[in-house]
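Each reported figure results from applying straightforward, stated rules to the coordinates on display, with no laboratory input. Nothing here was measured: the structure is a model prediction, and the numbers come from that model. Methodologically, a virtual Cβ is constructed for each residue, glycine included, from the backbone with ideal geometry; neighbour enumeration extends over all protein chains shown.
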Amino acid sequence: MPASRGGPAAAPFRGKWAHLNNPSRDLSRALAGRDFHGCASGAGALHLRGVERLLFALVAACLAVPSIAAVPPEAAPPPKSPRVVHVVAPGQTLFRIAQAYGVPLARLIEANRLKSPNAIAAGRRLVIPGAKAPVAVAARRPLTEAERGALERSLTEDRAPVDLPRGWAPPQPKGPGEFIWPLEGPMNSAFGPRGGRRHAGIDVGSPRAQQVVAAADGEVAFAQATRTGFGNVVVLEHEGGFSTVYAHLSLIVAREGESARQGQPIGGVGTTGNASGPHLHFEIRHRGVPLGPLRYLPQTLDDLVKDLVGPRR
Ligand SMILES: [Zn+2]
């Protein structure tokens, strides 16, 4: 055997290491083999432990983050309340049904897709939006002959002042939109004292045959020609004891007993009765007492311009 270069020849092993020709190389091989198996199984075990750790970390993270782990299930929608259906009885008007349920007339018309507030008959089933249970609705009671006579006598242009009960005050307007102007035009005559008498309403000038509309939701209490100087007259009854009067009409399209929606045409401007030219005499009454209509009507363009110009100096 040639001597290894650069160093003395390795001393032969004796005893139990004697079978190894090159113990360090063989030991390395033996260890390498063992390590190979060991590393293979060891690496596998290490890998599995890693996956477990990863899964554990993910679960822990989920539990630790309230926004993920503690999100409550989506709240169930509240149970739908059953729709209230009102069956129209003879004599019931849409206005009275709306009043009884406290629903605006327009909403009732739209919910039931009615062509007009009078497109109902006894037996008709009406959906009442927002109602929780059916309520009793009084049938319309036409004016008695005595009431009709008293109403007709009150339909005159100028009246003596009414003796009002002590402490009486006109009711407060409910708010914008309670009444609207029945006609657009200049106010030719105001409410109040006029030549020692009392003008019980306002006169609104207008070309003939312009349409006059209901100032508020109501029911037609009176619609006929009179001999009192008012000519053709419509009287509407409204909620809370209010009524409105429309006089000197050229024609009447409203009919007694019908409901009238705010803004619905009830007749045309005319000169019937004592009228020097086409105009509408319009009154707002509360339990029969004429009130100053401007208190309840929305401001006109003239009013708004005055308000704008007024503060300037
Ligand atoms: Zn008048």
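Working note: Debye formula, equal point scatterers on the alpha-carbon atoms of the stretch 85-127, no solvent; log10 I(q)/I(0) at q = 0.23, 0.25, 0.31, 0.33 Å⁻¹ is -0.69, -0.83, -1.34, -1.51. With K and R counted +1 and D and E -1, the other residues having a Cβ less than 15 Å from that of Leu301 yield a net charge of -3.
Annotation for the stretch 198-256 versus the stretch 93-144: alpha-carbon center distance of 23 Å. Gly130 sits among other residues whose Cβ lies under 12 Å from its own Cβ, and their net charge, with Lys and Arg +1 and Asp and Glu -1, is +3.
Scanning residues 5 or more positions from Asn188 or on other chains, those with amide H under 5 Å from its amide H are Asp203, Val204, Gly205, with H placed 1.01 Å from N in the peptide plane.
Residue-wise HN-Hα couplings along the stretch 105-118, as the Karplus relation 6.51 cos²θ - 1.76 cosθ + 1.60 with θ = phi - 60° gives them from phi, are 4, 4, 5, 5, 5, 6, 5, 10, 6, 7, 6, 8, x, 10 Hz; Gly and Pro carry x.
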